[in-house]
Amino acid sequence: MDQTLADLLRLLDLEKLERNIFRGWSHDIGTPQVFGGQVLAQALSAATETVKNGVAHSLHAYFLRRGDVEAPIVYQVDHARNGLSFSNRRIVAIQHGKQIFNMTASFQIPEDGLEHQAAAPEVPGPDGLADITDVTPDELEKLPEKLRRFLLIPRPFHMRPVLRDTTGGGSLKPIKYVWMKAIDALPEDPGLHQVLLAYISDLQLLSTATLPHGDLSFMRNNLQMASLDHAMWFHKPTRVDEWLLFSYDSPRAAGARGLARGLVFDQSGVLVASTVQEGLIRLRE
């Protein structure tokens, strides 16, 4: 297995300190604080360890404080409910004696039922699209230092954006499509694929809310951006080592906050997950 992906799997395999208490560490992905998707995935991993039957079908989380990349994070799991079909867990992440994150996750024993879904967008497939890291040395030299560092750090996922149409004036519609998958094959464990899907659900999402606003970007130091909350629903089992299309849109930004939504489709067009996030988007002086 690719070393970068193997390192991520070790990161998500938490140390069990005692019953319902786990410890995890962090890695640097080029942002000044712990990546929100990492905390989301580790919290789901901790909760999954405490559920005997069932798989996650939804989670609702709040990011309370910036995480310190150099310090461990302790996850405490509360058994809110153990039912015949559904189980519920509340997870609190603690660092330096303070809560930095909390989440509620619900698990269900799989069963059949009514089905319908939104249609997958008609966009080019991943073959032939460039990865976000496919930048020439000359292009890289012209980028802001923060963005350059973000692109140069090895990552365990391919990310291939689909080109977007402009609305004029250098701004873009608040819509974005990105194909993603792990850079190497993964084990069969369905719970692991859910945890990894939670991890990548926080990539590229909130920045959709900045697209209509010209050259404003967290990576260009003219915006302060941070995830405030994150919700996710798992509709169907899927594999994260196969291409997934993330269809993002942002219906509203106001009050120094932006809302972004995502639908996740597999390559056959099946809607496998949905996600919504609100984040801080504050103009820097």
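Quick look at the numbers
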item: Any hit, region 133-143, residues being within 19 Å of the chain's Cα centre (by Cα), under 29 Å from Leu9 (Cβ atoms), surrounded by 13 or more Cβ atoms within 10 Å (Cβ to Cβ) and of a type in the set (A, V, I, L, M); result: no
item: Subset of region 195-208 [farther than 12 Å from Val276 by Cα and touching a Ser or Thr at 6+ places or on another chain (Cβ under 8 Å)]; result: Val195, Leu197, Ser207
item: Options Ser171, Ser250, Ser217, Ser201: the member that is surrounded by 16 or more Cβ atoms within 10 Å (Cβ to Cβ), at pLDDT below 95, touching a helix residue (DSSP H, G or I) at 6+ places or on another chain (Cβ under 7 Å) and hydroxyl-bearing (Ser, Thr, Tyr); result: Ser217
item: Single match in Arg81, Arg66, Arg90 (criterion: outside any strand (DSSP E or B) and not β-branched (Val, Ile, Thr)); result: Arg66
item: Residue within region 136-145 that is within 27 Å of Glu242 (Cα to Cα) and hydrophobic (A, V, I, L, M, F, W, C) present; result: no
item: Residue list for region 1-37, filter: in a helix (DSSP H, G or I), surrounded by 15 or more Cβ atoms within 10 Å (Cβ to Cβ) and without any contact (Cβ under 8 Å) to a residue 60 or more places away in the chain; result: Leu11
item: In region 100-150, the residues that are charged (D, E, K, R) and part of a loop (DSSP other than H, G, I, E, B); result: Glu111, Asp112, Glu115, Glu122, Asp127, Asp131, Asp134
item: Any hit, region 74-82, residues being of a type in the set (Phe, Trp, Tyr), at pLDDT 95 or above, in contact with an Asp or Glu (Cβ under 8 Å, 6 or more places away or on another chain) and within 29 Å of Leu263 (Cα to Cα); result: no
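The values are calculated or read from the model by the stated rules, or taken from the named source; none is laboratory data. Quick caveat: nothing in here was measured; it's all calculated off a predicted structure. A quick note on method: Cβ atoms are made from the backbone with ideal geometry, for glycine too, and the neighbour counts reach across all protein chains shown.
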